[in-house]
Each structure stands twice: as structure tokens, then as C-alpha cells.
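What follows is a single structure, written as C-alpha cells, with notes after it.
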Amino acid sequence: RCIDPATNRDSAGRYSHDIVPLTMTNLWTRHILISMFFKRQVIDAVGDFDKNLGVGTHFGSGEETDLLLRSIYGGFHCRFDAGLVALHPDPPRDDSDKAVNRAYSYGLGWGALFHKHVVVFGQKVLLAYYGYSLFRTLGGMGYGVLRGDFSRTWFYFMSLKGRVKGWREWNGGA
């Protein structure tokens, strides 16, 4: 779990507050790269991070989720423990160039991640999670419009645009 030290609230996402084995269907609110640890035997068996995903690539996120999913497919026991906490400031969700570019880049990675696991790995159940992620992003846009918060609307629009484009562009590498 990741907490913003300034606010003592979840940062960089919303997290469950339990201790559970991770599965393909419950990991979505139970992981973030800065608080993940893997044994060497897992990496040796499932491979390292996909170098086409993540910060510094065209598809700017998803590398940790990809590795975690491949670990689960490989039969490894993965566990989330909300008592293990990493401190990290909550990134802004506004219309600053930095925030919007990050939302778009992370969206590209998210779309590519889902394409990879639905199409390449044949995990059709993940289509529901991809659809849900698009719906939630639309909800963020709608909430921004209703509140007259157009910086929030723009942030979520760019995230949505990235998620759709990332799905369409993924071909196994950038």
C-alpha cells in the first residue's frame, strides 16, 4: 500500500486494507510497484519486466501489473498486506502539463497492458476490468463537468484517450 506522508492517505491509487492472496481479479486495488517484492525464482521463471511497458517508454505504465499477472499465471503465490506501507506523495490530478502528460502516458500503458493480457495471454475475463477502467475514467470526466472543474475533466479525458490508444497501438512492443 502507498501513503502520502503529508496527508496520511492512500496515494497514487486507492488500496484495499486487508491481507489476501492476489488473484487476477482482485489485484487491481492491491498493488503498486514501489511496494512490490519478488523472489529471484519468480523472475527466473516468468521473466523480467517487459521493457516495452513503463516509465520512459511509449507505454508509460503497466510494467508491474504485467509482471504480477505473469507471476499469477505461473502459479506463484502473490500476497497483498496492507500493513506494509510505502511513502509516496499523491500525484496531482489537474491540468498542469506534467499531470496531463503523466495521465496520458499512464493511460497508454494501461491500454497496452490490457491488450497484451486479453489478446496475447487470452485472459478474456480482463476485458471486464478494462471496460470498468474506461467507465471509471468517464466518471471522473463527468464529475469534473458537473462541478465545473474543467482541469479535472481534461486530466481524465487525456487518461481515457491514452487507455484507448494504448489498446489500439499495442503490438508486442513500441
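Tabulated results
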item: Orientation-averaged projected area, Cα convex hull of segment 40-107 (nm²); result: 6.0 nm²
item: R0 of 35 Å, Cβ-Cβ distance Val164-Phe76: FRET efficiency to nearest 0.05; result: 0.65
item: Within the accessible area of the chain (1.4 Å probe), percent carbon and sulfur; result: 57 percent
item: Shape box of the chain [Cα atoms, principal axes, largest first, Å]; result: 50, 38, 28
item: Cα-Cα P(r), segment 96-144, percent of pairs per 5 Å interval; result: 5, 20, 21, 24, 16, 9, 5, 1
item: Mean Cβ count within 10 Å, highest first, over the residues of peptides 28-37, 112-121; result: 112-121, 28-37
item: Share, in percent, of DSSP beta bridges within segment 1-127 that are antiparallel, nearest 5; result: 60 percent
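The values are calculated or read from the model by the stated rules, or taken from the named source; none is laboratory data. Since the model is a prediction, treat every value here as computed from it, not as a measurement. As a convention, Cβ positions derive from the backbone with ideal geometry for all residues, glycine included, and neighbour counts pool all protein chains shown. The accessibility values were calculated without ligands, DNA or RNA, using every heavy atom of the protein model including side chains. Shrake-Rupley method; radii C 1.70, N 1.55, O 1.52, S 1.80 Å.
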